[in-house]
Amino acid sequence: MKNTFGNSVAITLIGESHGEYIGAVLDGLAPGIEIDREYIEHMLTLRRPDGKISTPRKEKDEFRIVSGVINGKTTGTPVTILIPNENVKSSDYAELKTVARPSHADYTAQCKYHGFQDSRGGGHFSGRITAALVAAGAICKSALEQKGIFIGTHVKSCGGVSDRNFNDFMSDIQVLSNKTFAVLDAPCEETMKNKILEAASEGDSVGGILETAVTGIPEGVGEPWFDSVESLISHMMFSIPAVKGIEFGAGFSFADMKGSSANDPLKLENGRIVTETNNNGGINGGITNSMPIVFRTAIKPTPTIFKPQNTVDFGDMTETVIEPKGRHDPAIVHRARVVQDAATAIVLCDMLAMRFGTDWMNEL
């Protein structure tokens, strides 16, 4: 029954999709970190639904910080963020209390919580909870930027349409920071949106791939085995609903490469050791090498689709056919990218605090 991630900087997620509040508790942040409310609001805006390619459910996300902050600065004690749920329609789920929606957590939640779970809108398993994750991650991301560490994520592919790769990391990350539909190659946006709308018109959904880059991360962060950079980032990424795969650097392409092309030769640049290529995604032996961290996640299609599907009513143990109602996204990949940014920021704050000490995040 664990809902907490992190060792030095830890986050706990609370709430359900149709409950009174969702929220997050951030523990372990250094005292004196500035809380930029406008920055948090901006990141929450990037997560919100975007027209016909997203759910009709609209939430204001008017967050409250109820502990751990005085005069706009962290106190060093747990920061608690609460976000009210206002636009709920629980009646959409009244008939589905014991009917398992395919590829949702309805059946597994029943197995674990024995019928005591909040089943409305997916309850604690809902993507709605990621709003709290984004608010908490915004605090971490802003603090990292003060240390010269920047995170950016784009929709690498969606509906079979591919965006270009990162080129100039800092410039690309800056461009992405203000885009509601985060692609680097502008023409891709309209094509991807059309693919999403096409799936929606058919009562279906599409998935995609998100690619994240981190610049400015110092070398020497991470551990060689169980707390490797890849291990901890992967652990956090699989906490994002719909993430079903991850790869770093060249990833699965390594399987078709020879060592002579896969290796990253080293060289000196302005007195620093860097690599000529970055196939390993900025990580060797589980430890950062100062090159940009690059990884990609696979986001599955939204499991709620408006088509008949076979399932089981676990209340009376009968087979049935479900055709869900309600408000759902035909794709979530474009909204998930800011969630991936936030999740990345949280895990990096934890790793950096473990490496350099808790107060490092506020040292100037």
If you rank 140, 111 by fewest surrounding Cβ atoms within 10 Å, what's the result? 111, 140
In degrees, nearest 10, the alpha-carbon axis of helix 37-47 is tilted away from the dominant principal axis of the alpha carbons of the chain by 60 degrees
In nm, spacing of pseudo-spin labels at residue 95 and residue 267 (7 Å Cα→C-beta vector): 6.5 nm
Cα coordinate range in region 4-362, projected on the principal axes (Å, largest first): 68, 51, 37
Spelling out what I want: for every residue of region 170-179, take phi, set θ = phi - 60°, compute 6.51 cos²θ - 1.76 cosθ + 1.60 (Karplus), and round to whole Hz; glycine and proline get x. 5, 5, 5, 4, 5, 4, 5, 4, 10, 9
Fewest to most Cβ atoms within 10 Å: 147, 60 sort as 60, 147
With a cut-off of at most 16 other beta carbons within 10 Å, and DSSP calling the residue loop, which GluC sites (Glu not before Pro) in region 10-45 qualify? Please list them. 20
Positive end of the dipole of the chain, charges at C-beta (+1 Lys, Arg; -1 Asp, Glu), about the Cα centre: which of 180, 122, 340 has its Cα farthest in that direction? 122
Where the centre of each part is set by its Cα atoms, how far does region 12-43 sit from region 261-288, in angstrom? 35 Å
Length gain on complete extension for the stretch residue 114 to residue 168, per 0.36 nm per residue less the alpha carbon to alpha carbon distance? 14.4 nm
Which angle between 0 and 90 degrees, to the nearest 10, do you get for helix 130-146 versus the longest principal axis of the chain when only C-alpha atoms count? 10 degrees
Quick one: Cα centre-to-centre distance for region 342-357 and region 168-220, in angstrom? 24 Å
Take every Cα pair under 8 Å in the chain that's 6+ residues apart, average their separations, divide by the length, and report that relative contact order as a whole percent. 24 percent
Among 301, 217, 54, whose Cα lies farthest out toward the positive end of the dipole of region 4-362, if unit charges sit on the beta carbon of Lys, Arg (+1) and Asp, Glu (-1)? 54
Nearest 20 debye, what's the magnitude of the dipole of region 176-235 about its Cα centre given +1 on Lys and Arg Cβ and -1 on Asp and Glu Cβ? 200 debye
Which of 74, 358, 180 comes first, and how do the rest follow, when ranked by fewest Cβ neighbours within 10 Å? 180, 358, 74
Given unit charges at Cβ for Lys, Arg (+) and Asp, Glu (-), the dipole magnitude of the chain about its Cα centre in debye, nearest 20, is 380 debye
Residues in region 206-250 reached by a label modelled at residue 257 [backbone nitrogen below 14 Å; 7 Å Cα→Cβ]: 247-250
Anything over 18 Å Cα to Cα? Flag those among 73/147; 156/193; 156/244; 2/244, in the order listed. 2/244
Positive dipole terminus of the chain, leading residue within 135, 197, 261 (C-beta point charges): 197
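Every number in this text was worked out from the coordinates using simple rules, so none of it is lab data. All values derive from a computational prediction rather than experimental measurement. Glycine gets a Cβ as well: all are built from the backbone with ideal geometry, and neighbour counts include every protein chain shown.
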